[in-house]
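Single-structure report; data block below.
Read-outs throughout are calculated quantities, based only on the coordinates presented, and are distinct from any laboratory measurement. Keep in mind that what you see is a predicted model, and the values were worked out from it rather than measured. All Cβ positions, even for glycine, are placed from backbone atoms using ideal geometry, and neighbour counts span all protein chains on display.
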Amino acid sequence: MQEKKVRSRLAVSDPLAPVRVSPVRVNGSAVSHAGIEILNDKGKWECINIHSSEYNLVPNAEADMVVRDILEESGLSWTRVKEVWTGRYWARLFRSDTRFDAAEVGEVLSLGLRIENSYDGSCQFRLVLMAYVLSCSNGLVIPKHFSSYRMRHLTSNEFDISEAILEIQHGFEQVRDLIPSINRLSGIPLSVELLSRVARDTDLPDRDWGHITRKLGDAHSAWDLMQAITHQLSHHGKGRATILTEERVGDYFHSLAASAA
């Protein structure tokens, strides 16, 4: 049985640390592939991954500057919420000053945005739209509902700030369009059967369920359950795995609301 290779951890605390493309040699001979190196905390260049010659390195520092321009030109005020950095994958989350009333559940929503970039090819450069529940700052990441701006790491691609801003403008409508789904979730009674089904279908880590169930004292609906889950993930989750789980949970509850329509 072939052993699974364990990926080494990178000792790089600053997501905006210098990164570069380096030549790759195989058996002493140069090849067309591109090596990606980052300056680690010890001041040494460390290899992150090896890509084809078509790979377009987008340094996080460059992505950060582009996003600053996009947020400024959007005409909105943004609050930085949190950041995820693994040494290979970077995400930074923001919440806007826009407000949408979900009166039926007594909540207020705002438009959120996640910038993400990778050095290992695990994701494109993306601006992912989402929603925040302002009463508790829970993030609702629903890829099947919200659009995103993306740029593949190819040498022929460039940032398109106008297109990114257009996607953000679409986000206003997408947050507003989410409210009927929230209302439908609030009409689905919370039961042991529903709790069991959600636990099975979302495949959340067992360590999270103890924290989630403790928040269900006054819960009556699927919306309350989703709030408890997203609170645990938004405020206590770590790393990229949590972001992927948030997306899976958001899509799941969005589908649950659609089935109740």
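A few comments on the model shown:
- The ranking of 141, 128, 108, 81 from fewest to most other beta carbons within 10 Å of each one's beta carbon is 108, 81, 128, 141.
- Dipole check for the chain: with +1 at the C-beta of Lys and Arg, -1 at the C-beta of Asp and Glu, and the Cα centre as origin, the magnitude is about 940 Debye.
- Going by neighbour counts of Cβ atoms within 10 Å, the residues 132, 89 line up, fewest first, as 89, 132.
- Rounded to the nearest 10 degrees, the inclination of helix 222-236 to the longest alpha-carbon principal axis of the chain is 30 degrees.
- The stretch 60-178 shape via C-alpha gyration tensor axes, a/c threshold 1.5: prolate
- Count, lysine Cα pairs under 26 Å in the chain, 8 or more residues apart or across chains: 11
- For the stretch 185-259, the fraction of C-alpha pairs farther apart than 15 angstrom is 51 percent.
- Ranking of 65, 130 by neighbouring Cβ atoms within 10 Å, starting from the fewest: 65, 130.
- Its convex hull of Cα atoms gives the chain a direction-averaged projected area, equal to a quarter of the hull surface, of 17.1 nm².
- The stretch 53-110 - convex hull of alpha carbons, volume per residue in Å³: 132
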